[in-house]
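Novice: Would you mind keeping the following structure in view while I ask a few things?
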Amino acid sequence: MTRWSSYELLRSIEMRGKVGTWVWDVPTGAVEWSPGLYRIFGVDPATPASLELYQRLLHPDDRLDLDTTTMIRDSGTIFDRELRIIRPDGTMRWLRGYGDVLVDGDGEVRQAAGVVFDITTERAMTDALKRTSLRNASLSARLGGVIWVADPAGIVTDLHGWSELTGQGLADVQRNGWLDVVHPEDLVATRQTWLGALEQRTGFTMRYRIRCQDGAYRRFEATATPVLNRDGQMVELVGICLPVPETGGKEAGGRETASAATAEQGLTPGQLRAARAALGWSIADLAAASGVSVSTIRRMETGHPDRQVNVGFTETIRGIFRREGVVVALANGRVTVSFDAGR
């Protein structure tokens, strides 16, 4: 039976994959590149391999000092790292290299050899995922809500704004752990809608109350849509969860009025400072009472458009003011901050 040698097997792998090998005889400076490495570098195989050519191909930010064999022996920098090359045609490729050195009895480097993988496609995918995650984080901060992505099994793979709102991290929400902060009265319907969407591969819109970090429940509306591949199979479920505007302050019977809701639609930097002054509180006092950090309250009081604060923190502080009897009202087009005489 005919058997392949290890050399033939390696060459076959090189022909079918984005991989190449190299050998460097350090005392003489002679370098050998495999056909696969020539192909990765985009260099004509008739071109003599050399360290000088390799250095010219490297991206300027990834070039190394190869003058001393001591550096090569002690650091191993050139043998386990990611790097970029710029091919003769001007295209850039991301590579991952591994290698080792052969030393003699005196500890002097005699030879170095290694393998190189073209990871350009994988790197592009990783960078795309990072950009998507950053985009979702920015959108979550701007909207003051939660943005999440889950796989078909319901495993949450990307989550923004939830930890700031509820205190739960990514590990906490797995295996339907996020349902732990849903109001008991909303739990059955919420669970059924969630599990039904996963089973039927459909989207949904639902409202439920969430227990925020301050212990108060607030109403949110969640909307999700499935992402389908060309075969119509769901590859992930993408959703957004936004706060539902409050219906207002409390009437004698405990219901909230629409007029009070209009008065407290937002909490501007001026309202926040005025309410804090009415209580005679410092920023540190408000932070201690609300559990919101001093730095976050300072950001809220500056109101810079590029430094958005999660809506959960705003709702928490508004709740503290209401508890202390401070009322933010809108009358004749002017915002007033006053004490509730009934408290």
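Novice: Name the residues whose placed amide hydrogens come within less than 5 Å of the amide hydrogen of residue 111, ignoring near sequence neighbours (fewer than 5 apart) on the same chain.
Specialist: Hits under the 5 Å cutoff: 26, 102.
Novice: Next up: For residue 59, which sequence-distant residues (separation of 5 or more, or a different chain) have an amide H within less than 5 Å of its own amide H, given hydrogens modelled in the peptide plane?
Specialist: Residues meeting the criterion, in which the H sits 1.01 Å from N, are 84, 85, 86.
Novice: Applying the Karplus parametrisation 6.51 cos²θ - 1.76 cosθ + 1.60 with θ = phi - 60° to the phi angles of region 87-102, what ³J(HN,Hα) value in whole Hz is obtained for each residue in order, glycine and proline being reported as x?
Specialist: After applying 6.51 cos²θ - 1.76 cosθ + 1.60, I find 5, x, 7, x, 7, 9, 10, 9, 10, 10, x, 10, x, 8, 10, 10 Hz.
Novice: Next question, about the same structure. Could you give me the ³J(HN,Hα) list for region 164-177, computed from phi with Karplus coefficients 6.51, -1.76, 1.60 and θ = phi - 60°, whole Hz, x at Gly and Pro?
Specialist: 5, 7, 10, x, 7, x, 4, 5, 5, 8, 5, 6, 6, x
Novice: While we're here: Give me the Å³ per residue figure for the convex hull around the C-alpha atoms of region 168-223.
Specialist: Values: hull volume 4.5 nm³, N = 56.
Convex hull of Cα atoms, per residue: 81 Å³.
Novice: Could you compute the FRET efficiency for residue 122 and residue 277, with r as their C-beta to C-beta distance and R0 at 41 Å, rounded to 0.05? Walk me through the numbers on the way to the answer.
Specialist: Values: r = 56 Å, r/R0 = 1.36.
After rounding to 0.05, the efficiency reads 0.15.
Novice: Through the Karplus equation 6.51 cos²θ - 1.76 cosθ + 1.60, θ set to phi - 60°, convert the phi angles of region 119-131 into ³J(HN,Hα) values in whole Hz; use x for Gly and Pro.
Specialist: Result, ordered by residue: 10, 4, 5, 5, 5, 4, 5, 4, 5, 5, 5, 5, 5 Hz.
Coordinate-derived values only; no laboratory data. All figures in this text were calculated on a predicted structure; none of them were measured in a lab. Note that we place each Cβ from the backbone using ideal geometry, even for glycine, and neighbour counts take in every protein chain shown.
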